[in-house]
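Asker: Let me give you the structure first, and then I'll get to my questions.
The values are calculated or read from the model by the stated rules, or taken from the named source; none is laboratory data. Just so it is clear, the structure is predicted and the values come from calculations on it, not from any experiment. Side chains are part of the model used for accessible areas, which takes the heavy atoms of the whole protein and leaves out ligands, DNA and RNA. Shrake-Rupley method; radii C 1.70, N 1.55, O 1.52, S 1.80 Å.
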Amino acid sequence: MKTTTLSRLMRMSWEIQRRRCTNRSTALLSAWVIFKNDDVAVGYLRAKHSTRNSKPAPAANYSLFNF
């Protein structure tokens, strides 16, 4: 893995640890799951937060991480 990928993973896990008050291993595992399933997470969040009458945008325009 690249160092930029690892640093993003670590920052995300630190944020999860602070917000959820969990231990380090649980936060790192949660961040890894989010990181590896970002295409599923983005689709879910897009569907959850879009209004019923809004026109859905193509999924190719969305990403959780900008590489």
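Asker: Condition first: at pLDDT below 90 and among the hydrophobic types (A, V, I, L, M, F, W, C). Now tell me which residues in region 2-15 satisfy that.
Answerer: Leu6, Leu9, Met12
Asker: I want to confirm something. Restricting to region 16-49 and keeping residues that are modelled with pLDDT of 90 or more and outside any helix (DSSP H, G or I), which single residue is least open to solvent (accessible area, probe 1.4 Å)?
Answerer: Thr22
Asker: Here's a follow-up. Do the conditions hold for Phe65, that is, is it assigned to a loop (DSSP other than H, G, I, E, B), open to solvent by less than 60 Å² (accessible area, probe 1.4 Å) and at pLDDT below 85?
Answerer: yes
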